[in-house]
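The values are calculated or read from the model by the stated rules, or taken from the named source; none is laboratory data. Here the structure is a predicted model, which is why all the values come from computation and not from measurement. Don't worry about glycine lacking a Cβ; one is built from the backbone with ideal geometry, like all the others, and counts go over all protein chains shown.
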Amino acid sequence: MDSPNNENFDEEAAFMSMEVACGTYQFKVDYSKTKDMPFDDFISSPIFNLNGHDCKILYFPHGCDNYYDGKYIGLMLEMRCKSEDLNPNFSFGLLDKYGQLSSKACKRVNMACYSENCWDQIGFPSYMERLELETNFLRDGCFTVVCSVTILSESYKEVPKRFIHGIMPFSIDDHFVQLFERKEMADVSFEVDGELFTAHRSVLAARSPVFNAELFGPMTESKMETIAIKDIKPLIFKAMLHFIYTDSLPDMSDENIPLVIISQHLLVAADRYGLDGLKILCEDRLMRDISMDTAISTLALAEEVDLEELKDRCLCFICEPQNLLLLSVTNEYVQLMQRYPSLLKEIGDNIRRQF
């Protein structure tokens with residue numbers, strides 16, 4: 001008679017594996033030759049190939065949303081997937097006047113491939129105001145679109161059940177924590193204010209459109225083993241890496257820096273690298289910690305990174321009569337109003353609504 005172990009010998013279980021492929025393509029557009037094109041007309045990039053999938057970028061000089069009456073430009077991606085079992089995640093960004101990828105122009109979206117070998121289209125009908133493009137992104141009459149694509153493909157492998165018999169269910173989160181802490185198979189390093197951090201290019205690229213463009217595109221960083229990071233403190237960069245790997249923030253209560261200050265710096269880093277989930281976490285923390293000491297600096301940050309809910313919370317706090325009386329005479333308040341005159345009007349409107 002067979003033993004219980006032998007009874008399971010030929011049974012099989014399905015394990016899902018996830019493959020990640022990343023790629024970046026740059027499309028240079030002569031703005032001066034396209035700005036007078038008719039509405040709904042577009043130009044297309046050459047077809048380029050990312051991990052076996054044909055792609056092309058469509059640029060609409062007047063957008064492709066009638067609601068805005070040509071005020072915006074539009075950017076769309078067309079992809080011909082070689083398989084239906086794909087989850088492409090892509091982002092558009094623009095190079096600024098100095099040839100650097102601007103985090104403020106990065107927009108990201110997930111794409112669904114509904115059919116094999118057919119063109120699927122998704123993107124941003126109203127990607128950016130034409131005026132902003134003309135002001136911040138034209139270089140010699142041209143601008144450059146950076147398209148970063150991360151393709152997650154699922155596959156199922158049949159493995160003998162005897163290999164999993166008695167093993168507790170595992171968590172992919174635990175594995176990524178171990179990957180982050182042990183640094184196994186790390187293939188890129190970052191030098192931040194004298195401290196060295198190691199990471200995995202594919203993980204960073206899958207999570208951040210900015211890292212995707214830097215590490216897998218034609219930018220200089222893609223060929224460097226160690227990349228110097230400026231304007232971020234080591235503590236903040238390490239916390240950001242922790243979020244990239246774990247979707248959570250480490251316990252930082254033992255640090256000698258107030259958590260609200262850490263959250264402010266993390267929010268700047270999240271905006272710089274296009275980490276929307278981290279921005280949400282930081283925004284939530286900051287909204288729960290608005291005080292006389294933080295209201296002005298948090299309002300400035302909310303205005304800079306365009307977080308309307310956080311901005312409204314700060315304005316409501318500042319516009320309380322007893323708070324405004326004390327804050328309006330501080331240098332921090334005066335400097336903020338000089339930097340963003342529109343805020344002064346919003347404060348006035350807010351006060352008038354109270355009476």
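Things to note:
- Lone qualifier among VAL203, VAL210 - being modelled with pLDDT under 90 and in contact with a Phe, Trp or Tyr (Cβ under 6 Å, 6 or more places away or on another chain): VAL210
- For the residues ILE244, ILE262, ILE232, the requirement of being crowded, with 19+ Cβ neighbours inside 10 Å, in the same structural domain as ASP193 (by TED's automatic domain parsing), at pLDDT 90 or above and touching a Lys or Arg at 6+ places or on another chain (Cβ under 6 Å) singles out ILE244.
- Test: residue in region 3-22 that is at pLDDT 70 or above and under 24 Å from the mean Cα position of the chain (by Cα): no
- Residues of region 292-336 satisfying the condition of being under 20 Å from HIS265 (Cα atoms) and among the β-branched types (Val, Ile, Thr): THR294, ILE296, THR298, VAL305
- Hey, GLU308 closer than 27 Å to ASN89 by Cβ and of a type in the set (Asp, Glu) or not: yes
- Test: residue in region 77-94 that is at pLDDT below 85 and of a type in the set (Phe, Trp, Tyr): yes
- The number of residues in region 223-245 that are closer than 12 Å to VAL268 by Cβ and touching a Gly at 6+ places or on another chain (Cβ under 9 Å) comes to 0.
- Reported count of residues in region 336-355, each being touching a residue at least 24 places away in the same chain (Cβ under 8 Å), in a helix (DSSP H, G or I) and not acidic (Asp, Glu), is 6.
- Qualifying residue in region 163-180 (condition: among the small types (Gly, Ala, Ser) and either modelled with pLDDT of 70 or more or in the same structural domain as ARG272 (by TED's automatic domain parsing) (or both)): no
- None of LEU249, LEU286 is in contact (Cβ under 8 Å) with a residue 24 or more places away in the chain, part of a helix (DSSP H, G or I) and either over 14 Å from the mean Cα position of the chain (by Cα) or closer than 27 Å to LEU204 by Cα (or both) except LEU286.
- Matching residues in region 276-329 - criterion: being surrounded by fewer than 18 Cβ atoms within 10 Å (Cβ to Cβ) and either at positive phi or among the polar types (S, T, N, Q) (or both): SER291, SER297, ASP306, GLN322, ASN323, SER328
- Test: residue in region 108-126 that is of a type outside the set (Ser, Thr, Tyr), surrounded by fewer than 17 Cβ atoms within 10 Å (Cβ to Cβ), modelled with pLDDT of 80 or more and assigned to a loop (DSSP other than H, G, I, E, B): no
- Test set (1) part of a loop (DSSP other than H, G, I, E, B); (2) in contact (Cβ under 8 Å) with a residue 40 or more places away in the chain; (3) of a type in the set (Gly, Ala, Ser) - ALA300 fails condition number: (1)
- Being modelled with pLDDT under 75, among the hydroxyl-bearing types (Ser, Thr, Tyr), part of a helix (DSSP H, G or I) and not assigned by TED's automatic domain parsing to the domain that holds TYR25 is true of SER222.
- Test: residue in region 256-276 that is part of a helix (DSSP H, G or I) and touching a strand residue (DSSP E or B) at 6+ places or on another chain (Cβ under 8 Å): yes
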